[in-house]
1. Of a type in the set (Asp, Glu), open to solvent by less than 60 Å² (accessible area, probe 1.4 Å) and facing another protein chain (nearest Cβ under 8 Å): does that describe A:Asp518?
2. Out of everything in segment A:469-492 that is open to solvent by less than 60 Å² (accessible area, probe 1.4 Å) and more than 8 Å from every other protein chain (Cβ to nearest Cβ), what residue ends up being farthest from A:Ser533 (Cα to Cα)?
3. Checking A:Glu231 against (1) free of Cβ contacts under 8 Å to residues at least 40 places away in the same chain; (2) under 30 Å from A:Arg120 (Cα atoms), which single condition isn't satisfied?
4. What's the number of the only condition in (1) in contact with a strand residue (DSSP E or B) (Cβ under 7 Å, 6 or more places away or on another chain); (2) facing chain B (nearest Cβ under 10 Å) that A:Val556 fails to meet?
5. Give the residue that is nearest to the other protein chains (Cβ to nearest Cβ), with candidates limited to residues of segment A:20-48 that are open to solvent by 40 Å² or more (accessible area, probe 1.4 Å) and of a type in the set (S, T, N, Q).
6. Yes or no: B:Val26 crowded, with 17+ Cβ neighbours inside 10 Å and more than 11 Å from every other protein chain (Cβ to nearest Cβ)?
7. I'm trying to understand the selection: among the residues of segment A:493-511, which are surrounded by fewer than 17 Cβ atoms within 10 Å (Cβ to Cβ), more than 7 Å from every other protein chain (Cβ to nearest Cβ) and in contact with a helix residue (DSSP H, G or I) (Cβ under 9 Å, 6 or more places away or on another chain)?
Amino acid sequence: MGSVFRSAEMSLCQIFLQSEAAYTCVSELGELGLVQFKDLNPDVNAFQRKFVNEILRCDEMERKLRYIDKELKKDDMKIPDTGENPKAPAPKEMVDLEATFEKIESELREVNTNAEALRRNYLELSELKEVLKKTQNFFAEHGEGHHTIVDDAQNALVHDEMATTSATAVQLGFVAGVIPREKVPAFERLLWFACRGNVFLRIDEIAKPLEDPVTGDAIFKCVFIIFFQGEQLKLRVRKICEGFRATLYPCPESSQERSEMLNGVSTRLEDLNTVLHQTEDHRHRVLANCLKEIRNWIIKVKKIKAIYHTLNMCNFDVSHNSLIAECWTPVSALENVQQALSHGTELSGSTVPSILHRMHTKETPPTFFHTNKFTKVFQSIVHSYGIASYQEVNPALYTIITFPFLFAVMFGDLGHGFIMFLFGLWMVVMEKKLMSSKSDNEIWNMFFGGRYIIMLMGLFSVYTGFIYNDAFSKSLNMFGSSWHPNYSEPLLDSVETLVLDPEYEFDNVTGPYPFGLDPIWQASKNKITFTNSFKMKLSVILGIGQMLLGVMLSLVNHIYFRNPLNIFTEFIPEIVFLLCLFGYLVGLIFFKWATFTVHCSTCAPSLLIHFINMFLFSYTMPNDNFNYQCDHTNPKLTGCKATTVFYRYQNYAQIALVLGAVLCIPIMLCIKPFVLRARHNRKIRVSIES
Amino acid sequence: MDRKIIPAVAMTSIWGFVGIVAPIFVQFCMRGSPNKGVVQVMLVLTAACCWLFWLCAWMFQLNPLIGPSLETNFIRYIQEEWK
């Protein structure tokens, strides 16, 4: 089905669809997923397109489905994921779907409004009950049960004997109601100031919170009762209560009436409770009915909308009653597209077949990569850096190995790498089961999507852990260390630490530790110095190796697109620059590793200094008796330092390399623009002449 | 001199097998499969990267210019236990 090496070859096709068959054909092509439609009506406004009505209907259906979804969420009913993928239904079924959604939505809205009205009623009755109870308590403290409220109040307020003579008795009025707890202090203060202290206010808290009918929140409220004298105060008190949105309740005078009312309210409350429960049950039943179907409905409506959007992109040919669509599709998938088209025509029952016609065009086709579940994650990582042009070499193919390898070079622990590998392996083996239990957890989905890359990273980390000799930060000694200290007791007694001399303590016959770093380094105090040198040189080698790979791939691109100008003005200067400077450095690293032993350690060149001096053109020439050879038969040589030239004609070679590299820069910068300009001018001249 | 070469030959031949022989083998085994190219590239790259990594570690220790700095107690222990 096409390789991952390059992006797939695409072809532009024209499809002629009969009007009846258009919908089903597009549905089949959508299920296939290998076709990208071109918009043939780019200047047409969205509202002037042919199928705008259908799309508006789909939008309306989606809105209803969202409402039902919200109601389901309010009741904590989770939509079950059956894993089904239903196809888009035929246009005539759309009417049925619309009717169903309409019915369910209106029913739900009705139930909700009823429930809200019932809850409001319930709240009022509960508050009235509280008011009655509290006033009962209040007056029971201050008088006998048979007096009226006013008498009781008078008794409570006016304590001296004179109040009993009813001639001068003052007529007190009162109001009782309920107010939210937070507003009580402000309410008290305002009443005191507005009525100049001539009212009596009594507040009592309601123990349990009451439910707000609209939002469903629990609000704490208090019962209050206010006594005042005269009409003016009464009006003032009422206005203040209205201002604070306190609900006032009519409270009967005599305590007998109060107790009767209390009983009545209690029974009404119970009845209301039952009705509320039944309303809730009804709502629950309606929701449970749509719970099974709603996921399929959502998918179907999405597909219908997508099909109509696609049909909007086609040209409508009135003369032949057909739709013309243009699409990009990979050449390897042309067969499948043909099959889908014929299947679609068959399903719709139309007799005229749809025609697929390949077109040749100079436009640049879109880039398409065939990926399977393994290569998908690497391709998406590379896409985040940038998408390759049409038919360029695909970097993702090499990323499959280089990305985990470079991670492992950085990670480098055997034990932890093994655990990471097991985690990745578990996810890969249990792939089917883990994929079917769809999770909403983003972090888990991220890990699961990268299961192959985690497995590879773990595997390479095990290998680099072996080489770094690092298993849970401890070293393994599998082959026997190559360092054999041989010191006498007195020497060992006299000092705390000793530095082993490679000349005497290193076993040159068996050679270095065969696989990785020697385990003796783990116990040494200068381990960091040693490994730093190793890792820096390793990074230079690996980095330049990867850059070389990249430049070689660009050569492959130039050859494929038959672009000799690029080979001479881009590839050759690039590779000369890279190799002359940094390839030379890598060569020096290997040369120093191979030839400089401990016998010439004073002469061992510092590569960093030599590299810097190369650019500064400064060379320290050695003495005349300096021998460029270095082996342990010669005595330790004099006259050389880390900065001395260490092979014959080094200064000439390096000057040549630097000049060669610097020469590449104007070649890269200047030649190609002028050549392109000359070609462009020639083309213009030719077109003017002809 | 001889014993030094054994690990070099062994590792080079292992990774040479993975990087050169195995892809040729895959060329004939997976002839029809669409993933043949991917598998071959993976094998070659793995062999190249891992062999290069091993080579750097081995060559770095071939001619050491400094030695480890150890505590004397540890040196005593080594002189007893390790041969």
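The values are calculated or read from the model by the stated rules, or taken from the named source; none is laboratory data. All values derive from a computational prediction rather than experimental measurement. Methodologically, a virtual Cβ is constructed for each residue, glycine included, from the backbone with ideal geometry; neighbour enumeration extends over all protein chains shown. Quick note on the areas: whole protein, heavy atoms, side chains included, nothing else; ligands and nucleic acids left out. Shrake-Rupley method; radii C 1.70, N 1.55, O 1.52, S 1.80 Å.
1. Here the answer is yes, as A:Asp518 does meet what is asked.
2. So, considering only residues that are open to solvent by less than 60 Å² (accessible area, probe 1.4 Å) and more than 8 Å from every other protein chain (Cβ to nearest Cβ), the one farthest from A:Ser533 (Cα to Cα) is A:Ala471.
3. (2)
4. If we test A:Val556 against (1) in contact with a strand residue (DSSP E or B) (Cβ under 7 Å, 6 or more places away or on another chain); (2) facing chain B (nearest Cβ under 10 Å), just (2) comes out false.
5. Among them, the one singled out is A:Gln36.
6. Yes: the conditions hold for B:Val26.
7. A:Asp493, A:Ser494, A:Glu503
To keep it simple, each residue is scored yes or no on (1) touching a helix residue (DSSP H, G or I) at 6+ places or on another chain (Cβ under 8 Å); (2) among the hydroxyl-bearing types (Ser, Thr, Tyr).
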| position | (1), (2) |
| --- | --- |
| A:Met455 | yes, no |
| A:Gly465 | yes, no |
| A:Ala471 | yes, no |
| A:Leu476 | yes, no |
| A:Ser481 | yes, yes |
| A:Asp518 | no, no |
| A:Lys525 | no, no |
| A:Asn532 | no, no |
